[in-house]
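Q: Handing you this structure, nothing more for now.
What follows draws every value from the coordinates through simple rules; no lab data is involved. Worth saying up front: this structure is predicted, and the values here are computed from it rather than measured. Here the Cβ is made from the backbone with ideal geometry for all residues, glycine too, and neighbour counts use every protein chain on show.
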Amino acid sequence: MNKTNAARILDRASVDYELRAYPIDRDDLSATTVAEKLELDPNSVFKTLVVRTNGNEILLACIPAIAQLDGKALGAAAGAKRADLVPLAEVQKLTGYVRGGVSPLGTKKPYRLFLDEAARCQDRISISAGLRGLQIIIAPSDLTEVTQAHIAPISR
């Protein structure tokens, strides 16, 4: 299995993780489907969303597969009034990743990452490895340390 930039970042940081591949369905790239295919609890599979605050700052938000982003809560955590998803057409340009393969690691530019506090309830979480069909299983504390993520209640 080829390593992605996200995996190489973890290797350089000497972080323990596991790469898990799954068959992709281009008609359903949802995180809940990823959880199903990998036979993981959907509470442990985190999707990475690209958002823009009302102050025009781009942020990354990692929330559980079954949750929805709370734009006001994320905005408040980031020191803004609110944050909204960027249009899908902008995601690849901003991150270098395609929809269904956005990783909180290895984006084109460094963006502040906000990890939903629900991650604290999990021993390990699953995040995109930067490709559709490939996930990284990692301890939330390791992800937080490597990315300098802010942990906050940002989903509902």
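Q: Considering Cα pairs under 8 angstrom that are at least six residues apart, work out the relative contact order of the range 93-156 and quote it in whole percent.
A: Relative contact order here is 37 percent.
Q: Mind jotting down the three principal axis lengths of the range 1-44 based on Cα atoms? Whole angstrom, largest first.
A: Principal extents (largest minus smallest coordinate, Cα): 33, 22, 14 Å.
Q: Cut-off is 10 Å between beta-carbons; in what order do 37, 47 appear when sorted fewest neighbours first?
A: Exposure proxy ranking, most exposed first: 37, 47.
Q: Could I get the Rg over Rh figure for the range 114-156? Both from C-alpha atoms, Rh via Kirkwood, rounded to two places.
A: 0.97
Q: Averaging sequence separations of C-alpha pairs under 8 Å and six or more residues apart, then dividing by the length of the chain, give the relative contact order as a whole percent.
A: 28
Q: Which order do 142, 16, 70, 116 fall in if you start with the one that has the fewest other Cβ atoms within 10 Å?
A: Working: 142 17, 16 10, 70 20, 116 26.
The most exposed by this proxy come first: 16, 142, 70, 116.
Q: If you don't mind, there's one more thing I want to ask. Can you tell me the convex hull volume per residue for the range 5-152, based on C-alpha atoms, in Å³ to the nearest whole number?
A: Normalising the Cα hull of the range 5-152 by residue number yields 96 Å³.
Q: A further question follows. Given 0.36 nm per residue, what is the gain on full extension from residue 36 to residue 16 after removing their alpha carbon distance, in nm?
A: 4.9 nm
Q: Might you report the magnitude of the Cβ-based charge dipole of the range 54-150 about its Cα centre, with Lys and Arg at +1 and Asp and Glu at -1, to the nearest 20 debye?
A: So the dipole magnitude of the range 54-150 works out to roughly 320 debye.
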